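Notes for the one structure printed next.
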Amino acid sequence: LSSKLTFNGVSMNPVNSTTTFNFINGKYCDPVGEDWLENINPADGTLLGRIANSTEQDVEHAVIAASNAQSNWSESTLEQRSRILSKIGDLIEENIESLATIESEDSGKPIGRARTIEIPRAASNFHFFANAITQFSSESHESVGQNAINFTLRQPLGVVGCISPWNLPLYLFTWKIAPALAAGNCVIAKPSELTPRTASMLGDLCNQAGLPAGVLNIVQGAGTGAGQAILEHEKIKAISFTGGTATGEHVARVVAPKFKKLSLELGGKNPNIIFSDCNYERALETTIHSSFANQGQICLCGSRIFIESSIYEKFKADLVARTSQLTVGHPSKTETSIGAMVSGDHYRKVLSYFEQIDPADASILCGGKPGTVEGHEQGFYIEPTVIEVQNNQCRLNQEEIFGPVVTLMPFENEEELIAMANDVKYGLSATIWTKDLDRTMRLSKKIECGVVWINTWLMRDLRTPFGGMKDSGVGREGGLEALRFFTEPKNICIAFEN
Ligand code: TXE
């Protein structure tokens with residue numbers, strides 16, 4: 001990354017800096033109120049630095065910058081936008097190592113995951129939408145017999161707000177920003193205050209790629225301050241939000257009376273369904289990933305495992321044995337499979353589920369306690385945990401725990417399975433392991449969710465619609481759905497004379 005940034009006249013590099021500034025109108029700046037939050041390293045509890053804690057004044061500055069940049073950006077050619085977005089993707093790729101290191105420090109995720117999956121995906125988000133915008137088309141309808149033709153313009157919305165969470169920081173931040181920019185909008189974006197630094201580094205990469213000042217503005221700070229100000233600002237036309245369901249409900253309540261466009265990607269409590277005819281080894285191996293990847297802090301994790309009763313005892317024993325072999329360790333170590341939870345608060349929240357287990361509902365088969373990593377005793381580690389559940393209504397099977405925790409339950413037949421799988425407020429994704437094609441279709445149609453994976457998990461094609469139903473969200477992102485969200489369709493009807 002360039003070391004040409006200046007702050008208060010002092011040259012600085014955002015990677016080495018312990019201060020995370022706002023990025024407004026193409027420049028790093030401190031928050032108007034000079035208020036700062038602490039950025040804690042979850043791997044050892046030490047202080048990484050301070051983060052701008054912005055208010056509505058900072059959001060106002062960002063909106064002014066974005067509004068000034070809007071008309072030039074929305075009138076730039078698709079080729080110009082595509083070239084700049086593609087360059088941002090290239091620069092992310094060139095800086096994978098430093099971005100992955102910072103991402104891992106901020107979030108506690110294993111460095112290998114950041115390096116090989118998440119930062120590359122952030123680059124793909126830009127590359128994908130750089131291409132997608134050149135293929136984005138609209139419809140026309142000839143009103144035959146009425147001498148008229150209708151066509152649909154897809155115009156940029158203007159200034160839009162993107163608010164993202166801490167679990168996949170740069171990956172989800174760019175998943176929103178790239179389509180918003182590609183469609184010709186200017187953006188006010190807020191990353192989570194728990195994982196602010198890779199988002200901040202993106203500002204510098206955008207400058208290097210030639211993104212005009214003001215097109216992307218990054219406002220750092222708490223959800224209740226900066227986030228709330230983004231929701232409320234009259235000039236921000238749309239909100240794309242990913243986060244917890246409770247916060248999503250609040251976002252909807254604030255935004256609905258203002259008639260902003262709204263996309264919500266919220267929590268999940270996804271069933272992972274194992275039939276006896278599955279490819280057993282693949283199902284077991286993938287279940288380890290879908291249960292514990294990123295310490296279970298992925299909305300798509302298969303946190304409720306339903307196993308056909310004929311193989312229940314065997315799968316249970318094998319899963320517990322494999323789980324017990326996972327290495328809880330410092331995120332910077334390549335051999336670590338389970339890193340640290342993102343924060344002390346989240347760590348305590350996950351542990352509280354273990355303390356409150358009613359023995360009539362469930363019993364812990366492995367894990368269920370803090371992990372110990374020598375030399376890093378103040379870090380927020382939790383052992384990967386498998387719990388056998390007797391009652392589908394218990395909290396463990398109803399609430400999103402968002403940690404390295406899965407529950408097991410047997411099922412006898414499809415009818416019973418579907419009833420249990422759907423008996424939650426969430427509806428994000430489902431995974432089904434079976435070789436029976438008819439069954440895959442029957443179940444896929446009946447399970448209430450937005451994404452179904454058959455004999456795989458989290459295999460993503462960025463062209464597909466992504467999102468959930470019920471309390472898992474409203475709307476779809478991904479592919480052309482995202483470009484549709486970030487544009488206003490306007491029908492134009494032209495009458496002509498024969
Ligand atoms: O996320 P929040 P939290 C789930 C998971 C987790 C729970 C709570 O179960 O335990 O949510 O996590 C911003 N106005 N997921 O509280 O609050 C906030 O600053 C505007 C699932 O840490 O939802 C951050 O940028 N913005 C999820 C973003 O919202 C506000 C990923 C998300 O934080 C705001 C993360 C406000 N009033 C947690 N309050 C997923 N779907 O993957 C907060 N924010």
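Contact annotation: residue pairs with Cβ atoms under 6 Å, 6 or more positions apart or on different chains, pairing a residue in region 262-285 that is touching a residue at least 40 places away in the same chain (Cβ under 8 Å) and within 16 Å of S444 (Cα to Cα) with a partner that is among the charged types (D, E, K, R) and open to solvent by less than 10 Å² (accessible area, probe 1.4 Å), are P271/R304.
When region 352-394 is filtered for residues that are open to solvent by less than 20 Å² (accessible area, probe 1.4 Å), farther than 21 Å from F315 by Cβ and in contact with a Pro (Cβ under 8 Å, 6 or more places away or on another chain), the ones remaining, listed by number, are G379, Y381, I382. For region 258-287, taking the residues that are surrounded by fewer than 18 Cβ atoms within 10 Å (Cβ to Cβ), on the phi < 0 side of the Ramachandran plot and not small (G, A, S), the one that is nearest to the ligand (Cβ to nearest atom) is identified as K258. Here is the figure for region 179-202: residues that are under 22 Å from N41 (Cβ atoms) and either of a type in the set (K, R) or away from the ligand (no atom under 12 Å from the Cβ) (or both) total 6.
Name every residue in region 236-274 that is of a type in the set (V, I, T) and touching a helix residue (DSSP H, G or I) at 6+ places or on another chain (Cβ under 9 Å), in order of residue number. Matches in region 236-274: I236, I239, T242, T247, V251, V254, V255, I273, I274.
Consider region 139-171 and keep the residues that are open to solvent by less than 20 Å² (accessible area, probe 1.4 Å) and assigned to a helix (DSSP H, G or I). The one that is nearest to the ligand (Cβ to nearest atom) is P169. Just so you know, in region 232-249 the residues that are small (G, A, S), closer than 28 Å to M341 by Cα and not in a loop (DSSP other than H, G, I, E, B) include one that is farthest from the ligand (Cβ to nearest atom), and it is S240.
Residues that are under 18 Å from the mean Cα position of the chain (by Cα) and either over 30 Å from I357 (Cα atoms) or not polar (S, T, N, Q) (or both) do not occur anywhere in region 408-420. Restricting the first residue to region 470-487 and requiring it to be farther than 14 Å from I239 by Cα, which pairs with a second residue that is outside any loop (DSSP other than H, G, I, E, B) and more than 13 Å from the ligand (Cβ to nearest atom) meet a Cβ separation below 8 Å and a spacing of at least six or different chains? From region 470-487, the pairs are G479/A132; L480/A132. Here K490 meets each of (1) more than 26 Å from T286 (Cα to Cα); (2) in a strand (DSSP E or B); (3) free of Cβ contacts under 8 Å to residues at least 60 places away in the same chain with one exception, condition (3). Residues in region 288-307 that are away from the ligand (no atom under 16 Å from the Cβ) and not in a helix (DSSP H, G or I): I305, F306, I307. Listed conditions (1) surrounded by 23 or more Cβ atoms within 10 Å (Cβ to Cβ); (2) within 11 Å of the ligand (Cβ to nearest atom); (3) hydrophobic (A, V, I, L, M, F, W, C); (4) under 28 Å from Q70 (Cα atoms) are all met by V255, apart from (1). For the subset of region 210-231 comprising residues that are closer than 23 Å to A182 by Cβ and open to solvent by 10 Å² or more (accessible area, probe 1.4 Å), which member is farthest from the ligand (Cβ to nearest atom)? This residue is G210.
The values are calculated or read from the model by the stated rules, or taken from the named source; none is laboratory data. None of the values given here were measured: they were computed from a predicted structure. Because the Cβ atoms are built from the backbone with ideal geometry, glycine has one as well, and the counts that use them run over all protein chains shown. To get the accessible areas, we keep the full protein, side chains included, count just its heavy atoms, and leave off ligands, DNA and RNA. Shrake-Rupley method; radii C 1.70, N 1.55, O 1.52, S 1.80 Å.
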